[in-house]
Amino acid sequence: MARFNERFLDLKESYLFSEVAKRVSTFKEKNPDRDVIRLGIGDVTLPLGGSVVQAMHRAADEMGKAETFRGYGPEQGYDFLREAIARHYKEIGADIDADEIFVSDGAKSDTGNITDLFSADNTVLIPDPVYPVYVDTNTMNGRNIVFINGTAENDFLPMPDRSVRADIIYLCSPNNPTGACYNRQQLEEWVDYALANDAVILFDSAYESFISDKELPRTIYSIEGAKKCAVEFCSLSKTAGFTGTRCGYTIVPKAIKSVSPDGREMSLNKMWNRRQTTKFNGVPYVVQRAAEAVFSPEGQRESKAMTAVYLENAHIIADTMNELGVRYTGGINSPYIWFECPFGMDSWTFFDHMLEKAGVVGTPGAGFGKNGDKWFRLTAFNNKENTIEAMKCFRKLFD
Ligand code: MLT
């Protein structure tokens, strides 16, 4: 009989957002007449921009004609999209070559898939709380995980501890779930630490487009030395409404080297290329043309307008927290509001309480790590009307 990977026994019974969805559907079965407002999973609600949809239509028409039909595309992504992404990087302060950019179906897959490149005996440093994919995928691989604490005391922005030796470091900024965002000096410290330890930073920048403060870095490559030690993951999911369309990109600079246990050097860029060509057949042509349109001037205007709507919702939620005296972070350079559970409740108890009494769904902080046990996340991705209504119901919890 085939033996299974025992590491799966170390995982929680279900993935965080599957558990949330399960509890909501149980609630709906028991209360079919109750309306529920979803501020749980960070799924967007605004439609794709007009220029993006037009690009998809044009590409679909090309696929329907023998002269312009395309079969398998390059696993790394079409040049037209890789070059558009390279131009975007220039605009946000970094020089990236198109052949350092790998187009994918999203940052979630890539932040997990990248673990293929590293030996199982590496020590992985992961902030707590953070997006659960980093912990789950490294647990599946049986790696030693060391957690660094994000707490209200350090504004949920943990910094390197020089006494800890790490080989791989996950950072997410603006952070999911806390919305906290590293400044330039803090990222410089992380890059210094990685270079001093010969470590690799796996930097998740999926929420970079929500950074409105011009002083905050939107890519780790705007920090000197980062191209020697950092891989960056980004996605069009939140930036341009691609959660259902699926397109992201991973930057693996050619300057990053890694060594085998017996000291042989390999280029991570070549290894990722090798991995992708074996295991991935690329993103559909139609989707890549849509993604290319996101980086056009019109596409950028559309994306900015979407981000502005979500940030306005975030302000509505933040205003409610201010009014009620609830401690929170995020909501300024991020679509997430991370607040302390009221009434001394732990986060799963508060999840049930809020669902039952207010009909609002959020995400329990415990799902992002032990430091989230008394904290809770709301997203700004619903529409304005629902966000206002959800906050009205939320206020009633305090009557
Ligand atoms: C979240 O709610 O944390 C995100 O939607 C998850 C994701 O992007 O996969």
Region 85-181: radius of gyration and largest Cα-Cα distance (Dmax), Å
15.0, 41
Accessible surface of the chain [probe 1.4 Å, protein heavy atoms]: carbon and sulfur percent
50 percent
Region 305-366, convex hull of Cα, quarter of hull surface, nm² -> 4.4 nm²
Can you give me the Cα centroid spacing of region 141-217 and region 318-353 in angstrom?
22 Å
For region 174-250, state which trypsin sites (Lys or Arg not before Pro) are in a DSSP loop and have at most 14 other beta carbons lying within 10 Å of their beta carbon.
214
Provide the solvent-accessible area of residue 234, counting protein heavy atoms only and rolling a 1.4 Å probe, rounded to the nearest 10 Å².
0 Å²
Please list, by residue number, every one of the trypsin sites (Lys or Arg not before Pro) in region 312-382 that is coil in DSSP and has at most 13 other beta-carbon atoms within 10 Å.
327
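Tell me what the chain gives for mean residue ellipticity at 222 nm when only DSSP H runs of n ≥ 4 count, each as -39,500 (n - 2.57), the sum divided by the residue total, rounded to 500 deg cm²/dmol.
Using -39500 (n - 2.57) per qualifying helix, the result is -12000 deg cm²/dmol.
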With each pseudo-label sitting 7 Å past Cα toward Cβ, what's the residue 153-residue 315 distance in nm, one decimal?
3.5 nm
Taking only the alpha carbons of the chain, what extent do you get along each of the three principal axes, in Å, biggest first?
62, 57, 56
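Between residue 192 and residue 301, what length comes free when the chain is fully extended (0.36 nm per residue of separation minus the Cα-Cα distance, one decimal in nm)? Display every interim value, and only then the final one.
Working: separation 109, 0.36 × 109 = 39.24 nm, distance 3.56 nm.
Computed gain between residue 192 and residue 301 is 35.7 nm.
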Averaged per residue, the 1.4 Å probe accessible area of region 278-399, protein heavy atoms only, in Å², is roughly 40 Å²
Based on the Cβ-Cβ distance from residue 308 to residue 66, what FRET efficiency comes out when R0 is 41 Å, to the nearest 0.05?
0.45
Can you list the residues, at least 5 places off or on another chain, whose amide H is less than 5 Å from the amide H of residue 204, using H built in the peptide plane?
171, 172, 173, 233
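Can you give the FRET efficiency to the nearest 0.05 for residue 33 and residue 161, using r as the Cβ-Cβ distance and R₀ = 56 Å?
On the way: r = 52 Å, r/R0 = 0.93.
Approximately 0.60, to the nearest 0.05.
Contact order normalised by length for region 340-382, with contacts defined as Cα pairs under 8 Å and 6 or more residues apart; what percent is it?
Working: 57 pairs, mean separation 16.5, N = 43.
In percent, rounded to a whole number, it is 38.
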Hey, which lysines would be in cross-link range of residue 238, C-alpha to C-alpha under 18 Å, not counting anything within fewer than 8 residues on its own chain?
108, 304, 384
About the Cα centre of region 50-296, how large is the charge dipole given +1 on each Lys and Arg Cβ and -1 on each Asp and Glu Cβ? Please answer in debye to the nearest 20.
600 debye
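Given the peptides 103-114, 56-67, arrange them by the average over their residues of other C-beta atoms within 10 Å, most packed first. Before the final figure, lay out the partial values.
Values: 103-114: 21.2, 56-67: 12.4.
Output ranking for 103-114, 56-67: 103-114, 56-67.
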What area, in nm² and to one decimal, does the C-alpha convex hull of region 234-293 cast on average over all directions?
5.4 nm²
Quick check on the chain: of the DSSP beta bridges with both residues there, what percent are antiparallel, nearest 5%?
50 percent
Expressed in nanometres to one decimal, the distance between label points 7 Å along Cα→Cβ at residue 393 and residue 7 is 3.9 nm
Can you pull out the chymotrypsin sites (Phe, Trp or Tyr not before Pro) in region 70-107 whose DSSP state is coil and whose Cβ has at most 14 other Cβ atoms within 10 Å?
72
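The values are calculated or read from the model by the stated rules, or taken from the named source; none is laboratory data. Please read all numbers here as calculations on a predicted model, not as lab measurements. Neighbour counts run over all protein chains shown; Cβ positions are idealised from the backbone, glycine included. Only protein heavy atoms, including side chains, enter the accessible area calculation; ligands, DNA and RNA are left aside. Shrake-Rupley method; radii C 1.70, N 1.55, O 1.52, S 1.80 Å.
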